[in-house]
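J.: Before we start, here is the structure in question, set down as C-alpha coordinates.
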Amino acid sequence: MSWIDRSFPTSATPSDLVGRVLGLNPGMMTGPGTNTYLVGRRDPILIDTGAGVPEYPPLLERYLAQRGWARPSRIILTHRHPDHLGGVSQLRARFRGIHVSKMIFRDKSLPESVQDLRDGQKVEADGATLIAVHTPGHASDHLCYYLVEEKALFTGDVILGGSTTVIPSDDGDLLDYLDSLRRLQAMDVRRIYPAHGPVIEDGPAKIAEYLEHRMLRERQILEALADGVETIPAIVARIYVDVALALHPVAALSVESHLKKLAREGRAHEDKQPDRPSRWS
(Lines give C-alpha, C1' and ligand atoms only; values in the text may rest on other atoms or scores of the structure.)
Protein backbone atom coordinates (compact mmCIF):
# COMPACT_ATOMS: atom_id res chain seq x y z
CA MET A 1 0.00 0.00 0.00
CA SER A 2 3.05 2.25 -0.34
CA TRP A 3 1.58 4.13 -3.29
CA ILE A 4 -1.13 5.69 -1.07
CA ASP A 5 0.63 9.06 -0.91
CA ARG A 6 -1.18 11.18 1.68
CA SER A 7 0.82 14.22 0.53
CA PHE A 8 -0.42 13.93 -3.06
CA PRO A 9 -1.92 17.35 -3.95
CA THR A 10 -5.71 17.53 -4.07
CA SER A 11 -5.51 19.78 -7.12
CA ALA A 12 -2.79 20.75 -9.58
CA THR A 13 -2.23 22.34 -12.98
CA PRO A 14 0.28 20.11 -14.78
CA SER A 15 0.06 22.06 -18.07
CA ASP A 16 -1.64 25.06 -19.67
CA LEU A 17 -4.32 22.77 -21.06
CA VAL A 18 -4.73 20.31 -18.19
CA GLY A 19 -5.93 20.68 -14.61
CA ARG A 20 -6.20 17.83 -12.12
CA VAL A 21 -8.61 17.43 -9.20
CA LEU A 22 -8.27 14.42 -6.90
CA GLY A 23 -11.30 12.24 -6.21
CA LEU A 24 -10.42 12.03 -2.48
CA ASN A 25 -10.80 8.24 -2.39
CA PRO A 26 -7.39 6.83 -1.35
CA GLY A 27 -7.06 3.09 -0.99
CA MET A 28 -5.20 -0.09 -1.81
CA MET A 29 -6.65 -0.16 -5.34
CA THR A 30 -6.76 3.58 -6.00
CA GLY A 31 -3.48 4.83 -4.52
CA PRO A 32 -3.87 8.51 -3.54
CA GLY A 33 -7.29 8.51 -5.22
CA THR A 34 -8.87 8.80 -8.65
CA ASN A 35 -7.58 11.70 -10.73
CA THR A 36 -10.17 13.73 -12.61
CA TYR A 37 -8.92 16.06 -15.32
CA LEU A 38 -10.16 19.36 -16.76
CA VAL A 39 -8.97 19.83 -20.35
CA GLY A 40 -9.11 23.07 -22.34
CA ARG A 41 -8.50 26.80 -21.97
CA ARG A 42 -12.12 27.84 -21.35
CA ASP A 43 -15.24 25.75 -20.68
CA PRO A 44 -13.07 22.68 -20.04
CA ILE A 45 -14.01 19.04 -20.57
CA LEU A 46 -14.00 16.94 -17.39
CA ILE A 47 -12.53 13.44 -17.69
CA ASP A 48 -14.02 11.11 -15.04
CA THR A 49 -15.98 12.10 -11.95
CA GLY A 50 -14.41 10.27 -9.02
CA ALA A 51 -16.20 7.84 -6.74
CA GLY A 52 -18.96 10.08 -5.41
CA VAL A 53 -17.14 11.29 -2.29
CA PRO A 54 -19.14 14.20 -0.75
CA GLU A 55 -16.07 16.43 -0.46
CA TYR A 56 -15.22 16.15 -4.17
CA PRO A 57 -17.74 18.57 -5.75
CA PRO A 58 -16.74 21.49 -3.46
CA LEU A 59 -13.07 20.78 -4.22
CA LEU A 60 -13.82 20.74 -7.95
CA GLU A 61 -15.75 24.02 -7.69
CA ARG A 62 -12.89 25.68 -5.81
CA TYR A 63 -10.45 24.66 -8.52
CA LEU A 64 -12.82 25.85 -11.25
CA ALA A 65 -13.08 29.22 -9.50
CA GLN A 66 -9.29 29.46 -9.22
CA ARG A 67 -9.05 29.01 -12.98
CA GLY A 68 -11.86 31.48 -13.68
CA TRP A 69 -14.22 28.78 -14.94
CA ALA A 70 -17.89 28.51 -14.12
CA ARG A 71 -18.38 24.81 -14.90
CA PRO A 72 -17.18 21.99 -17.14
CA SER A 73 -18.61 22.00 -20.66
CA ARG A 74 -19.24 18.25 -20.57
CA ILE A 75 -18.10 15.03 -18.88
CA ILE A 76 -16.42 12.12 -20.62
CA LEU A 77 -15.64 8.86 -18.82
CA THR A 78 -12.81 6.39 -19.28
CA HIS A 79 -14.87 3.37 -18.16
CA ARG A 80 -17.68 2.09 -15.98
CA HIS A 81 -15.85 1.30 -12.73
CA PRO A 82 -17.41 3.09 -9.73
CA ASP A 83 -14.39 5.21 -8.84
CA HIS A 84 -14.62 6.81 -12.30
CA LEU A 85 -18.36 7.33 -12.81
CA GLY A 86 -19.53 7.31 -9.17
CA GLY A 87 -19.70 11.10 -9.07
CA VAL A 88 -21.95 11.54 -12.13
CA SER A 89 -25.14 12.13 -10.13
CA GLN A 90 -23.39 14.62 -7.83
CA LEU A 91 -22.09 16.67 -10.74
CA ARG A 92 -25.39 16.58 -12.60
CA ALA A 93 -27.00 18.06 -9.49
CA ARG A 94 -24.36 20.81 -9.41
CA PHE A 95 -24.17 21.50 -13.15
CA ARG A 96 -27.68 21.18 -14.56
CA GLY A 97 -27.95 19.86 -18.09
CA ILE A 98 -24.33 18.71 -18.36
CA HIS A 99 -23.76 16.01 -20.98
CA VAL A 100 -22.06 12.75 -19.96
CA SER A 101 -20.46 10.39 -22.48
CA LYS A 102 -18.63 7.04 -22.46
CA MET A 103 -18.30 4.01 -24.67
CA ILE A 104 -21.53 2.07 -24.12
CA PHE A 105 -20.41 -1.54 -24.31
CA ARG A 106 -21.53 -4.52 -22.21
CA ASP A 107 -22.92 -2.17 -19.57
CA LYS A 108 -25.40 -3.81 -17.20
CA SER A 109 -26.50 -0.46 -15.79
CA LEU A 110 -25.54 3.19 -16.22
CA PRO A 111 -26.73 6.57 -15.01
CA GLU A 112 -29.57 7.89 -17.16
CA SER A 113 -28.93 9.72 -20.43
CA VAL A 114 -25.31 8.71 -20.93
CA GLN A 115 -24.31 9.31 -24.55
CA ASP A 116 -22.27 6.83 -26.56
CA LEU A 117 -18.67 7.67 -27.46
CA ARG A 118 -16.81 5.51 -29.97
CA ASP A 119 -13.23 4.67 -30.84
CA GLY A 120 -11.65 7.42 -32.95
CA GLN A 121 -14.28 10.02 -32.14
CA LYS A 122 -13.04 13.57 -31.54
CA VAL A 123 -14.12 15.63 -28.54
CA GLU A 124 -13.35 19.33 -29.01
CA ALA A 125 -12.65 21.82 -26.24
CA ASP A 126 -11.38 25.38 -26.47
CA GLY A 127 -7.75 24.95 -27.54
CA ALA A 128 -7.78 21.18 -27.07
CA THR A 129 -8.68 18.16 -29.19
CA LEU A 130 -9.26 14.78 -27.54
CA ILE A 131 -9.49 11.56 -29.54
CA ALA A 132 -11.09 8.49 -27.97
CA VAL A 133 -8.96 5.33 -28.13
CA HIS A 134 -10.64 2.01 -27.28
CA THR A 135 -8.28 0.13 -24.97
CA PRO A 136 -10.01 -2.95 -23.52
CA GLY A 137 -8.31 -5.33 -21.10
CA HIS A 138 -8.80 -3.75 -17.69
CA ALA A 139 -12.43 -3.19 -18.70
CA SER A 140 -14.11 -4.02 -21.98
CA ASP A 141 -15.51 -0.48 -22.37
CA HIS A 142 -12.26 1.33 -21.55
CA LEU A 143 -11.33 4.48 -23.46
CA CYS A 144 -8.10 6.42 -23.29
CA TYR A 145 -8.08 9.98 -24.61
CA TYR A 146 -5.29 11.35 -26.80
CA LEU A 147 -4.65 15.08 -26.40
CA VAL A 148 -3.46 16.12 -29.85
CA GLU A 149 -1.95 19.46 -28.85
CA GLU A 150 0.39 17.89 -26.26
CA LYS A 151 0.83 14.44 -27.79
CA ALA A 152 -0.31 13.29 -24.37
CA LEU A 153 -2.58 10.46 -23.29
CA PHE A 154 -5.16 10.21 -20.52
CA THR A 155 -4.81 6.50 -19.78
CA GLY A 156 -7.53 5.88 -17.20
CA ASP A 157 -6.67 2.56 -15.56
CA VAL A 158 -4.68 1.12 -18.50
CA ILE A 159 -1.47 2.71 -17.19
CA LEU A 160 -1.08 4.01 -13.64
CA GLY A 161 1.42 6.29 -11.96
CA GLY A 162 2.95 4.16 -9.22
CA SER A 163 1.51 0.67 -9.63
CA THR A 164 0.55 -1.89 -12.26
CA THR A 165 -2.95 -2.42 -13.60
CA VAL A 166 -5.24 -5.15 -12.31
CA ILE A 167 -7.01 -7.32 -14.89
CA PRO A 168 -10.34 -8.23 -13.19
CA SER A 169 -11.62 -11.76 -13.70
CA ASP A 170 -15.15 -10.70 -14.69
CA ASP A 171 -14.68 -8.12 -17.46
CA GLY A 172 -10.90 -8.11 -17.88
CA ASP A 173 -8.90 -9.87 -20.58
CA LEU A 174 -5.12 -10.03 -20.63
CA LEU A 175 -4.85 -10.67 -24.37
CA ASP A 176 -6.96 -7.57 -25.01
CA TYR A 177 -4.88 -5.64 -22.49
CA LEU A 178 -1.59 -6.51 -24.17
CA ASP A 179 -3.06 -5.57 -27.54
CA SER A 180 -4.15 -2.23 -26.05
CA LEU A 181 -0.64 -1.55 -24.71
CA ARG A 182 0.82 -2.33 -28.12
CA ARG A 183 -1.68 -0.02 -29.76
CA LEU A 184 -0.63 2.79 -27.41
CA GLN A 185 3.02 1.96 -28.05
CA ALA A 186 2.48 2.58 -31.77
CA MET A 187 1.06 6.06 -31.12
CA ASP A 188 3.08 9.25 -30.76
CA VAL A 189 2.67 9.56 -26.98
CA ARG A 190 4.98 11.74 -24.93
CA ARG A 191 3.31 12.48 -21.59
CA ILE A 192 0.80 10.27 -19.75
CA TYR A 193 -1.93 11.50 -17.43
CA PRO A 194 -3.00 8.40 -15.45
CA ALA A 195 -6.21 8.00 -13.45
CA HIS A 196 -4.16 7.18 -10.35
CA GLY A 197 -0.83 8.65 -9.30
CA PRO A 198 1.39 11.40 -10.71
CA VAL A 199 1.97 12.49 -14.28
CA ILE A 200 4.30 10.21 -16.25
CA GLU A 201 6.70 12.33 -18.29
CA ASP A 202 8.25 9.57 -20.41
CA GLY A 203 5.24 7.84 -21.93
CA PRO A 204 7.07 5.44 -24.29
CA ALA A 205 9.32 4.18 -21.48
CA LYS A 206 6.34 3.51 -19.20
CA ILE A 207 4.41 1.62 -21.89
CA ALA A 208 7.50 -0.52 -22.61
CA GLU A 209 7.93 -1.12 -18.87
CA TYR A 210 4.32 -2.32 -18.59
CA LEU A 211 4.76 -4.76 -21.46
CA GLU A 212 8.04 -6.07 -20.05
CA HIS A 213 6.45 -6.53 -16.62
CA ARG A 214 3.65 -8.66 -18.07
CA MET A 215 6.10 -10.84 -19.97
CA LEU A 216 8.17 -11.30 -16.80
CA ARG A 217 5.10 -12.43 -14.88
CA GLU A 218 4.22 -14.86 -17.64
CA ARG A 219 7.70 -16.43 -17.54
CA GLN A 220 7.48 -16.73 -13.76
CA ILE A 221 4.09 -18.43 -13.96
CA LEU A 222 5.28 -20.88 -16.61
CA GLU A 223 8.34 -21.72 -14.49
CA ALA A 224 6.08 -22.32 -11.47
CA LEU A 225 3.84 -24.65 -13.49
CA ALA A 226 6.89 -26.51 -14.78
CA ASP A 227 8.01 -27.03 -11.19
CA GLY A 228 4.64 -28.53 -10.25
CA VAL A 229 3.09 -25.51 -8.53
CA GLU A 230 -0.55 -26.14 -9.41
CA THR A 231 -2.92 -23.62 -7.79
CA ILE A 232 -3.28 -19.87 -8.02
CA PRO A 233 -2.70 -19.29 -4.26
CA ALA A 234 0.50 -21.36 -4.43
CA ILE A 235 1.72 -19.52 -7.54
CA VAL A 236 1.02 -16.17 -5.85
CA ALA A 237 2.93 -17.24 -2.73
CA ARG A 238 5.92 -18.20 -4.89
CA ILE A 239 6.01 -15.21 -7.25
CA TYR A 240 4.87 -12.41 -4.93
CA VAL A 241 7.08 -13.34 -1.99
CA ASP A 242 8.12 -9.70 -1.47
CA VAL A 243 4.55 -8.36 -1.65
CA ALA A 244 2.47 -7.80 1.49
CA LEU A 245 -0.02 -10.59 2.20
CA ALA A 246 -2.85 -8.04 2.13
CA LEU A 247 -2.16 -7.58 -1.59
CA HIS A 248 -2.10 -11.29 -2.46
CA PRO A 249 -5.82 -11.38 -3.42
CA VAL A 250 -5.10 -8.64 -5.96
CA ALA A 251 -2.04 -10.53 -7.18
CA ALA A 252 -4.23 -13.61 -7.60
CA LEU A 253 -6.34 -11.70 -10.14
CA SER A 254 -3.20 -11.01 -12.15
CA VAL A 255 -2.09 -14.65 -12.01
CA GLU A 256 -5.57 -15.80 -13.02
CA SER A 257 -5.58 -13.45 -16.02
CA HIS A 258 -2.22 -14.84 -17.17
CA LEU A 259 -3.37 -18.43 -16.76
CA LYS A 260 -6.53 -17.77 -18.78
CA LYS A 261 -4.41 -16.23 -21.53
CA LEU A 262 -2.04 -19.23 -21.52
CA ALA A 263 -5.01 -21.60 -21.64
CA ARG A 264 -6.45 -19.79 -24.67
CA GLU A 265 -3.06 -20.15 -26.34
CA GLY A 266 -2.92 -23.88 -25.54
CA ARG A 267 0.05 -23.41 -23.21
CA ALA A 268 -1.70 -24.19 -19.90
CA HIS A 269 -4.55 -26.45 -18.81
CA GLU A 270 -7.09 -25.96 -16.03
CA ASP A 271 -8.40 -28.94 -14.07
CA LYS A 272 -11.43 -27.60 -12.19
CA GLN A 273 -11.88 -29.01 -8.68
CA PRO A 274 -15.15 -29.08 -6.70
CA ASP A 275 -14.96 -26.79 -3.65
CA ARG A 276 -11.22 -26.30 -4.12
CA PRO A 277 -8.97 -24.10 -6.25
CA SER A 278 -8.47 -25.33 -9.81
CA ARG A 279 -5.28 -27.17 -10.54
CA TRP A 280 -3.21 -25.88 -13.42
CA SER A 281 -0.51 -27.55 -15.48
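The values are calculated or read from the model by the stated rules, or taken from the named source; none is laboratory data. Note that this is a predicted model, so its numbers are computed, not measured. Virtual Cβ from ideal backbone geometry, glycine too; neighbours counted across all protein chains shown. Ligands, DNA and RNA are excluded from the accessible area calculation, which covers all protein heavy atoms including side chains. Shrake-Rupley method; radii C 1.70, N 1.55, O 1.52, S 1.80 Å.
J.: For segment 118-148, give me each residue that is surrounded by 16 or more Cβ atoms within 10 Å (Cβ to Cβ), touching a residue at least 40 places away in the same chain (Cβ under 8 Å) and assigned to a loop (DSSP other than H, G, I, E, B).
T.: Thr135, Pro136, Gly137, His138, Ala139, Asp141, His142
J.: Give me the pairs, please: first residue somewhere in segment 183-202 and touching a residue at least 24 places away in the same chain (Cβ under 8 Å), second residue anywhere and of a type in the set (Phe, Trp, Tyr), beta-carbon distance under 7 Å, and either six or more positions apart or on two chains.
T.: That search, which allows pairs on different chains as well, returns Met187/Tyr146; Tyr193/Tyr37; Tyr193/Phe154; Gly197/Trp3; Val199/Tyr193.
J.: Can you name the residue in segment 207-251 that is modelled with pLDDT under 95 and in a helix (DSSP H, G or I) and is also least open to solvent (accessible area, probe 1.4 Å) among such residues?
T.: Ala251
J.: Working carefully through the options Arg238, Arg219, find the one that is in contact with a helix residue (DSSP H, G or I) (Cβ under 9 Å, 6 or more places away or on another chain) and of a type in the set (Lys, Arg). Explain how you work it out, then say what you get.
T.: Values: Arg219 fails: in contact with a helix residue (DSSP H, G or I) (Cβ under 9 Å, 6 or more places away or on another chain).
Just a single option satisfies the conditions, and that option is Arg238.
J.: Let me ask something else about it. Would you point out the residue of segment 87-99, among those that are open to solvent by less than 30 Å² (accessible area, probe 1.4 Å) and outside any helix (DSSP H, G or I), that is farthest from Phe154 (Cα to Cα)?
T.: Phe95
J.: On the basis of being among the aliphatic types (A, V, I, L, M), modelled with pLDDT of 95 or more, farther than 24 Å from Glu149 by Cα and in contact with a Gly (Cβ under 6 Å, 6 or more places away or on another chain), does Leu24 make the cut?
T.: For Leu24, the condition - among the aliphatic types (A, V, I, L, M), modelled with pLDDT of 95 or more, farther than 24 Å from Glu149 by Cα and in contact with a Gly (Cβ under 6 Å, 6 or more places away or on another chain) - is met.
The rows are residues; the columns are (1) surrounded by fewer than 24 Cβ atoms within 10 Å (Cβ to Cβ); (2) farther than 19 Å from Ile104 by Cα; (3) within 18 Å of the chain's Cα centre (by Cα).
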residue	(1), (2), (3)
Thr36	no, yes, yes
Arg42	yes, yes, no
Leu59	yes, yes, no
Tyr63	yes, yes, no
Gln66	yes, yes, no
Trp69	yes, yes, no
Arg74	yes, no, no
Leu77	no, no, yes
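J.: Please work out if Arg20 is closer than 30 Å to Ala244 by Cβ, touching a residue at least 40 places away in the same chain (Cβ under 8 Å), open to solvent by 30 Å² or more (accessible area, probe 1.4 Å) and under 20 Å from the mean Cα position of the chain (by Cα). It would help to see each step written out before you state the result.
T.: Values: closer than 30 Å to Ala244 by Cβ: yes; touching a residue at least 40 places away in the same chain (Cβ under 8 Å): yes; open to solvent by 30 Å² or more (accessible area, probe 1.4 Å): no; under 20 Å from the mean Cα position of the chain (by Cα): yes.
When the stated conditions are applied, Arg20 does not pass them.
J.: A further question on this structure: Going by what's in this entry, would Thr78 be described as under 19 Å from Ser101 (Cβ atoms) and in contact with a Cys (Cβ under 9 Å, 6 or more places away or on another chain)?
T.: Yes.
J.: How about segment 193-206: which of its residues are open to solvent by less than 30 Å² (accessible area, probe 1.4 Å) and either assigned to a helix (DSSP H, G or I) or in contact with a Lys or Arg (Cβ under 6 Å, 6 or more places away or on another chain) (or both)?
T.: Going residue by residue through segment 193-206, those that are open to solvent by less than 30 Å² (accessible area, probe 1.4 Å) are 193-197, 200, 203.
Scanning segment 193-206 gives Ile200, Gly203.
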